[in-house]
Amino acid sequence: MEKVNVNEVEPIGMPMYEMKKMFEKTGNFKKVSMSVISLTPGERVPAEGVSVHEEDEYSYIYSGEINTYANGEYSVEKAGDATFFPAGEEHWCINESDEPCLLVCFMVTKED
């Protein structure tokens with residue numbers, strides 16, 4: 001898993017607009033999906049075991065926080081953090097806070 005916080009990224013495009021590029025990957029892609037997810041307190045994804053998929057997963061934590069397990073390590077992602085899970089990496093997350101966690105998730109399927 002890669003992680004970056006939006007407050008630590010230098011803006012580009014000034015003075016007309018401010019853009020902060022969180023991740024950049026190149027390659028041939030055949031499908032991209034975008035989801036908004038609200039994880040309620042106590043909710044774990046997946047409910048049991050680990051999540052492993054063929055897509056690269058990019059997430060941006062909009063509000064709240066979430067505890068994540070990936071690569072044998074635990075971490076806490078908070079509002080402003082962005083994460084990248086490469087295809088095939090085992091991971092799971094749980095909302096151990098008292099507030100919902102709202103995140104935007106992109107799943108990117110690469111060409112064969």
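The values are calculated or read from the model by the stated rules, or taken from the named source; none is laboratory data. From a predicted model like this one, the values you see are computed outputs, not experimental measurements. Please note: Cβ atoms are built from the backbone with ideal geometry, for glycine as well, and neighbour counts cover all protein chains shown. These accessible areas exclude ligands, DNA and RNA; they are computed on the full protein's heavy atoms, side chains included. Shrake-Rupley method; radii C 1.70, N 1.55, O 1.52, S 1.80 Å.
What the table shows:
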| item | result |
| --- | --- |
| Scan of region 48-80 for residues that are surrounded by 14 or more Cβ atoms within 10 Å (Cβ to Cβ), hydrophobic (A, V, I, L, M, F, W, C) and touching a Phe, Trp or Tyr at 6+ places or on another chain (Cβ under 8 Å), ordered by number | 70, 79 |
| Selection status of residue 45, open to solvent by 50 Å² or more (accessible area, probe 1.4 Å) and at pLDDT below 95 | yes |
| Residues of region 1-35 classified as open to solvent by less than 100 Å² (accessible area, probe 1.4 Å), in a strand (DSSP E or B) and not aromatic (Phe, Trp, Tyr), total | 9 |
| Those residues of region 36-68 which are among the acidic types (Asp, Glu), in a strand (DSSP E or B) and within 22 Å of residue 100 (Cα to Cα), in sequence order | 57, 65 |
| Region 84-111: number of residues that are within 14 Å of the chain's Cα centre (by Cα) and either open to solvent by 40 Å² or more (accessible area, probe 1.4 Å) or of a type in the set (A, V, I, L, M, F, W, C) (or both) | 16 |
| Scope region 1-18; condition at pLDDT 80 or above and in contact with a strand residue (DSSP E or B) (Cβ under 6 Å, 6 or more places away or on another chain); matching residues | 1, 2, 3, 4, 5 |
| Enumeration of residues in region 87-97 that are without any contact (Cβ under 8 Å) to a residue 60 or more places away in the chain and either more than 15 Å from residue 43 (Cα to Cα) or not acidic (Asp, Glu) (or both) | 87, 88, 90, 92, 93, 94, 95, 97 |
